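Below is one structure, written out as structure tokens; the observations come after it.
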Amino acid sequence: MDSQNINRLCPYSIEGDIIIIQIEASPEIVVGAEFKLYKKDSLDYLKTWKIGCQDGEVSRIGIDRDVHLINKHILTWQILCCTKVVDKFKGKINLDFFQDGKKLKCNIPTFWNLDNIPPCAIKRYSKFTESLLFVARI
């Protein structure tokens, strides 16, 4: 993983509070996500957070790192999802980042309209992995 090859940027305020990750699934969709934070220069792994939601719920976790230190750090995530209803195959997942109560605007959106989501009952899931680079606004 090379920070120069990551296209999704998430600008944030170096003077603000911690960054909050929020994930939301459309009704009847079950989502689990694992986030990993890596150092900017060495790509050393720093921390993992896990979060889940279902049925239109919203779940939040805070990135408990000093905002002065996460500039150009890489956040990766792997999202797994399935449907609670056997004949429902479509759903939406929203992933948002907040600081000081305001939504941070990534240059590439972090929402997905998914088709062909497998039912949870057959113990299968859709999976995707993506990433972003935190960039401090000066």
Scan segment 16-65 for residues that are hydrophobic (A, V, I, L, M, F, W, C) and farther than 21 Å from Ser126 by Cβ and jot them down.
Ile18, Ile19, Ile20, Leu37, Leu43, Leu46, Ile61, Ile63
Consider Leu69 carefully, then state whether it is under 24 Å from Cys10 (Cα atoms) and touching a residue at least 12 places away in the same chain (Cβ under 8 Å).
no
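Where a number appears in this text, it was derived from the coordinates with a stated rule and is not lab data. Values in this document were obtained by computation on a predicted structure and should not be read as measured data. Using ideal geometry, Cβ is built from the backbone for each residue, glycine included, and neighbour counts are taken over all protein chains shown.
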